[in-house]
Structures are given as structure tokens and as C-alpha cells.
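Quick note: the coordinates plus some simple rules give every number you see, no bench work behind them. Quick caveat, the model's predicted, so the values are computed rather than measured. Here Cβ is always computed from backbone atoms with ideal geometry, including for glycine, and neighbour counts include all displayed protein chains.
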Amino acid sequence: MKIHEFQAKELLRKAQIAVPESIVARSAEEASAAYKQLGGSFAVVKAQIHAGGRGKGTIKTNPDQRGVQLVKSAEEAATVAGNLLGNDLVTIQTGPAGKTVNQVLVEAGCDIARELYMGIVIDRACGLPVLMVSSEGGVNIEDVAANTPELIFKEAFDPDAGLQSYQVRKLCHRLNITGKSVRSADAFMRAMCKLFIQLDCSLAEINPLVVTGKGELIALDAKIAFDDNAMFRHKDIAELRDISEEDPAEVRAGEADLSYVQLDGSIGCLVNGAGLAMSTMDLIKLHGGEPANFLDVGGGAQVEQVTQAFQILLDDKKVKAVLVNIFGGIMRCTTIANAILESYKQVGFNVPLVVRLEGTEVEEGRRILAESDVDIISAKGLTDAANKVVAAAG
């Protein structure tokens with residue numbers, strides 16, 4: 001689960017982690033009032049969407065308007081906010097469609113001496129959370145990782161013990177952080193690692209992490225994502241979810257307890273098991289097609305879930321054909337066959353449907369489909385299924 005920058009910074013404040021003073025605005029008038037309330041000679045107006053690259057992003061209808069802009073008066077804050085609010089911001093992470101800006105963050109100016117990068121993720125190779133830092137803050141960290149990986153420094157830490165001060169000192173040495181800034185770095189980095197563990201985060205990123213003229217470390221930006229499976233422990237954080245920022249089809253799938261990810265192709269996939277779903281998408285691409293989605297109905301899906309899955313697939317106007325690829329282990333092929341027929345009654349199939357069944361009760365499942373009046377293209381084997389669905393999609 002993702003949250004907005006302003007929500008992430010509120011969590012940082014509660015954890016005693018330094019962030020600039022800021023106010024959320026949802027209208028030009030609120031942005032003007034926020035600027036006056038913050039005081040100071042300048043502020044920054046920042047679009048709030050679930051995507052990175054906002055500083056370089058542009059409004060679709062007005063490419064001169066960036067997602068993050070410096071303002072020096074209340075009137076200018078109102079103008080910039082008015083240009084952003086209600087419009088689509090296109091960044092490197094949103095795709096050409098962009099995302100609608102429904103709120104902006106008006107943030108007090110900061111005395112920036114240096115810009116660094118800091119991020120925390122789970123490293124599956126060592127099975128521990130890892131703190132990453134770099135002197136190249138405020139830029140696309142992906143480019144740094146690809147072109148100059150020697151500028152990224154890492155320290156794995158124990159979830160129970162947390163990041164240790166000696167590890168902070170090692171990182172400070174590599175970043176050329178000296179003097180009283182080391183003490184600020186110790187408090188900042190250790191508190192961030194503690195927050196990461198306590199809130200069951202999957203990502204915590206500060207870019208840029210600023211060293212001020214006074215030598216203090218401040219989070220000028222904040223991006224936090226959480227483990228969905230742990231949200232039952234954090235009801236307050238679960239309430240921060242902004243469904244308007246998520247793909248509507250993925251929201252529907254989540255409510256039906258389906259694992260679904262929207263893609264850009266024309267072949268819908270309904271599969272049981274994540275590994276089989278990935279293999280199915282690979283085969284579709286191998287034979288010249290493009291998958292429209294990842295959809296795993298799981299091992300114990302019922303008729304209602306399968307029907308919902310078909311509704312989600314067929315509501316995607318890009319889908320030209322659907323491949324149902326089921327290996328019945330816990331899932332019975334007869335259950336899928338009956339679910340397909342019931343789905344046809346409720347939804348109707350307006351595109352070709354290719355079905356490949358294997359496993360438990362497979363012969364009975366195939367018989368049910370063969371004796372029905374539903375136009376189904378039967379396939380035996382993965383290659384046969386992939387070839388037929390690619391041909392059916394045109």
C-alpha cells in the first residue's frame with residue numbers, strides 16, 4: 001500500500017524525524033492561506049500523487065507547469081496550485097495518461113547545503129532490511145544504480161536490534177558527513193530504520209535527504225509503502241489509503257480476493273497460481289502476443305470469484321481474447337468449468353475464450369465445457385493454448 005508524501009511526513013513527525021513545516025491545500029485559496037501561515041520568503045508547492053519524478057513531471061495540458069515549483073508570494077502559490085489541481089500530471093512513473101492532482105503540499109523553504117539519497121528496503125539475498133545511502137540525492141536513483149553503483153552504500157541491520165551507531169558512522173564517512181552533522185545523521189537514520197520495522201514498511205525513501213546550512217539532516221521528500229499483508233496490525237495506516245490513486249480494476253480484484261495487475265496487452269489471462277500465471281504470460285509473449293494482465297484466482301476460488309475475474313477482464317476494452325489456464329490441484333477442473341458457464345450466463349463473452357484444463361477432475365471438466373452451448377476454444381498443453389489465444393486475438 002502506498003501513501004502520499006504529506007501522509008508519510010506526518011508519520012515521520014510522529015517518529016521525531018525532522019521534516020519541513022508544510023500544509024496540505026485542495027484549492028488555490030487554501031494554497032495562498034498556507035503560504036501566509038508558513039511565513040518566510042519562499043515556499044514550494046508540490047503535487048501530491050502516487051508517483052515519483054514529480055519535479056520533472058509536467059501537466060498534460062500545460063507542459064510549462066511542473067509538478068514541484070518554487071513560489072515567492074501567496075499569489076504565486078495560488079496560481080501554481082490552481083494550475084496543478086484538477087489536472088493530470090505526467091511523470092516518468094505515471095505513463096502518458098498521467099494522474100490527476102487532487103491536492104498539493106505547500107512546504108516551507110529550506111536552507112539546503114547538500115542533497116543526499118536514503119532508502120530502506122528488504123534485501124531478499126541476505127534476508128534483512130538494508131539501509132542505502134548515496135551522495136547523489138535529488139536525482140533519479142535508478143540511473144545512479146545503473147551507471148555509478150559505486151556511489152551507493154549499504155548497511156544491512158537486524159530488525160530487532162535496529163541500525164547501530166557504528167554503522168551510521170561508516171556511512172557518514174563514505175558520504176563525507178562530518179562534525180555535528182554525524183550526530184544528526186545518527187538520530188535520523190536510526191529513527192528511520194526503527195519506523196521501517198515498526199510500521200511493516202516495504203519501502204521507505206527520502207530523496208532528497210538534505211543537510212542544512214546548520215548541519216542538520218531533514219527529509220525534504222518522503223515516500224513510504226507498506227506490506228499489504230501486515231495492514232491488519234495498522235488500522236490507522238490502512239485508513240490512509242487513497243483508492244482514487246489506484247487502478248479501479250485492481251481495487252475491484254482486491255475486494256474479490258483476487259491477485260490482479262493491469263498490463264498493456266490484448267490477451268486477458270485467468271490462471272490459478274502465481275508461477276503458472278507468470279509462465280502463461282511468458283508463453284503468450286513468446287508466441288507473439290501481449291498479456292493484458294496478471295490474474296491469479298488462487299487455489300480455492302469459488303464461482304463468484306471466477307465470475308468477478310471475468311467481469312474485470314472483459315471490462316478492459318483492450319482485451320481481444322481470454323486464456324483460461326488452470327492446473328487443478330486443490331482447485332478442481334469441474335469447479336472452473338462450472339464457473340466458466342455461470343460467468344457466461346452473468347457476463348457473456350464478447351471475445352474468443354481459450355481454455356486449457358489439467359489436473360484434478362480434468363476429464364469431467366472438459367466434458368462439461370464440451371457439452372455446453374458456450375463457444376469455447378479448447379486447448380491441450382501450454383504451447384497449444386498460447387498459439388490459439390494469440391491467433392484468436394488477431
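Just add up the charged neighbours of Ser202: K/R +1, D/E -1, any other residue whose Cβ is under 9 Å from the Cβ of Ser202. Don't skip to the answer; put the middle values down first.
Numbers: positive: none; negative: Asp200, Asp227, Asp228.
Taking every Cβ under 9 Å from that of Ser202, the sum is -3.
Percent relative contact order of the chain, based on C-alpha pairs within less than 8 angstrom and at least six residues apart?
Details: 818 pairs, mean separation 47.0, N = 394.
Contact order relative to length: 12 percent.
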Taking a label point 7 Å from the Cα of Asn176 along the Cα→Cβ vector, which residues of the range 205-243 have an amide N closer than 15 Å to it?
211
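Tell me, Met278, Met1 in order of fewest to most beta-carbon neighbours within 10 Å? Don't skip to the end; give the middle numbers.
Numbers: Met278 15, Met1 19.
Ordered from fewest to most neighbouring Cβ atoms within 10 Å, Met278, Met1 come out as Met278, Met1.
Using square roots of five times the C-alpha gyration tensor eigenvalues, list the equivalent-ellipsoid semi-axes of the chain in whole Å, biggest first. Provide the component values of the computation, followed by the final result.
Numbers: eigenvalues 444, 127, 63 Å².
Sorted largest first and rounded, they come to 47, 25, 18 Å.
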When you have a sec, figure out the Kirkwood radius of the range 239-325 from all distinct Cα pair distances and drop it here in Å to one decimal?
13.1
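Considering Cα pairs under 8 angstrom that are at least six residues apart, work out the relative contact order of the range 188-291 and quote it in whole percent.
15
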The range 271-394: relative contact order from alpha carbon pairs under 8 Å, six or more residues apart, as a whole percent, is 28
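Say R0 is 30 Å: what FRET efficiency, to the nearest 0.05, do Leu276 and Ser244 get from their beta-carbon distance?
Details: r = 33 Å, r/R0 = 1.08.
That pair, Leu276 with Ser244, gives E of 0.40.
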Under 17 Å from the Cα of Lys60 - lysines, other chains or at least 8 residues apart
Lys46, Lys99
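With +1 on the Cβ of every Lys and Arg and -1 on the Cβ of every Asp and Glu, and nothing else charged, how large is the dipole of the chain about its Cα centre, in debye rounded to the nearest 20? Don't jump to the answer; show the numbers that get you there.
Numbers: 40 positive and 52 negative charges, 205 e Å.
Approximately 980 debye in magnitude.
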Between Ala97 and Asp227, what's the calculated FRET efficiency when r is the beta-carbon distance and R0 is 30 Å? Round to 0.05.
0.65
Can you give the helix-only mean residue ellipticity at 222 nm for the chain, where every DSSP H stretch with n ≥ 4 adds -39500 (n - 2.57) and the sum goes over all residues, rounded to the nearest 500 deg cm²/dmol?
-10500 deg cm²/dmol
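Want the number for Leu70 to Arg169: 0.36 nm per residue separation, take away the alpha-carbon distance, what's left? Let's see the in-between values first.
Values: separation 99, 0.36 × 99 = 35.64 nm, distance 3.39 nm.
The span from Leu70 to Arg169 would gain 32.2 nm if fully extended.
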Highest-fluctuation residue, Arg124, Arg241, Arg332 considered, GNM on the chain with Cα pairs under 10 Å:
Arg124
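Go ahead and run the numbers for FRET between Ala156 and Lys194, Cβ-Cβ distance against an R0 of 22 Å, rounding to 0.05. Mind showing how you got there, number by number?
Working: r = 15 Å, r/R0 = 0.69.
After rounding to 0.05, the efficiency reads 0.90.
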By what distance, in whole Å, do the Cα atoms of the range 21-108 stretch along each of the three principal axes, largest value first?
36, 19, 19
